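Okay, so here's the structure we're looking at.
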Amino acid sequence: MQVQQIVPRPQQQPPNTVYISFSAEIIPHTTESLIATVTNFVNQGVKQIYLMLSTPGGSVMHGMNLYNVLRALPVELVTHNVGNVDSIGNTVFLAGTKRYACPNSTFMFHGVGFDARQPMRLEEKFLRERLDSIVADHKRIGGVIVQRTRITEQDVEKLFLEAQTKDAAFAVSTGIIDEIRDVQIPLGSPVIALVFQRQGV
């Protein structure tokens, strides 16, 4: 009897770098989608994730969640501002171990607030609770900016109070980014575009 030798197929090697485009508000379902995408590639053995980011900001809670998860991943994370990085989006952007910005991109900083979607009675207890929450969020976001850039705590307070929009030149001078450059995706590299339905559509 002739025994047929079965040769196992070689496993396909994962790409070294995966490019992900994220252009959306930072809210629960966009946060969950981005985390699911990056962790899936980490589990496949990808060594570098290149996050092309443009965001108007969104939820502080979900932005901090993204920052902490992205920082924890055992990969090199590159973040690249390809448009506008605003508000809590700056914290997510600063998770990158290497950070870049396109020449015409901007970064916008402002303080934390809350929306009153319906008439409400504003009593002292409620206002104190809201103020304590805002101060705590300012401390969390400001701490990340001070730790990950050359911006001082005093300058962070000014950025928050004045709601300033800064260009790429400011970003490179203060250590928000390492370099001003356009995105260059090598031919054949995997590119993932995360597409979300707009709220209210």
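The values are calculated or read from the model by the stated rules, or taken from the named source; none is laboratory data. No experiment lies behind these values; they were computed from the predicted model shown. Counting neighbours? That spans all protein chains shown, and the Cβs are built from the backbone with ideal geometry, glycine included. Heads up: the accessible areas ignore ligands, DNA and RNA and are worked out on the full protein's heavy atoms, side chains in. Shrake-Rupley method; radii C 1.70, N 1.55, O 1.52, S 1.80 Å.
Tell me which of these THR174 doesn't satisfy, since it passes every other one: (1) in contact (Cβ under 8 Å) with a residue 60 or more places away in the chain; (2) open to solvent by less than 70 Å² (accessible area, probe 1.4 Å); (3) in contact with a Ser or Thr (Cβ under 8 Å, 6 or more places away or on another chain).
All conditions are met except number (1).
Would you check which residues across segment 49-76 are more than 21 Å from HIS29 (Cβ to Cβ) and either basic (Lys, Arg) or open to solvent by less than 10 Å² (accessible area, probe 1.4 Å) (or both) and list them?
Passing the criteria: only ARG71.
Could you list all residues from segment 146-165 that are surrounded by 15 or more Cβ atoms within 10 Å (Cβ to Cβ) and closer than 19 Å to TYR100 by Cβ?
ARG148, THR149, ILE151
If I filter segment 54-68 for residues that are of a type outside the set (Gly, Ala, Ser) and touching a Leu at 6+ places or on another chain (Cβ under 6 Å), do I get at least one hit?
Step one: list which residues in segment 54-68 are of a type outside the set (Gly, Ala, Ser), which gives 55-56, 60-62, 64-68.
Pick out the ones that are also touching a Leu at 6+ places or on another chain (Cβ under 6 Å) and you get none.
Within segment 54-68 (the criterion being of a type outside the set (Gly, Ala, Ser) and touching a Leu at 6+ places or on another chain (Cβ under 6 Å)), the answer is no, since none of the residues qualifies.
Quick check on my filter: what residues within segment 155-201 are outside any loop (DSSP other than H, G, I, E, B) and of a type in the set (Asp, Glu)?
To start, the set of residues in segment 155-201 that are outside any loop (DSSP other than H, G, I, E, B) comprises 155-162, 165-173, 179-180, 191-194.
Once the filter is applied, which keeps residues that are outside any loop (DSSP other than H, G, I, E, B) and of a type in the set (Asp, Glu), segment 155-201 yields ASP155, GLU157, GLU162, ASP167, GLU179.
Regarding segment 30-45, can at least one residue be identified that is in a strand (DSSP E or B), of a type in the set (Gly, Ala, Ser), at pLDDT 95 or above and surrounded by 10 or more Cβ atoms within 10 Å (Cβ to Cβ)? Steps first, answer last, please.
In the first step, residues of segment 30-45 are kept if they are in a strand (DSSP E or B); the result is none.
No: segment 30-45 contains no residue that is in a strand (DSSP E or B), of a type in the set (Gly, Ala, Ser), at pLDDT 95 or above and surrounded by 10 or more Cβ atoms within 10 Å (Cβ to Cβ).
Just checking, which of PHE126, PHE114, PHE107 is modelled with pLDDT under 95 and open to solvent by less than 60 Å² (accessible area, probe 1.4 Å)?
Working: PHE114 fails: open to solvent by less than 60 Å² (accessible area, probe 1.4 Å); PHE107 fails: modelled with pLDDT under 95.
Sole residue among the options that is modelled with pLDDT under 95 and open to solvent by less than 60 Å² (accessible area, probe 1.4 Å): PHE126.
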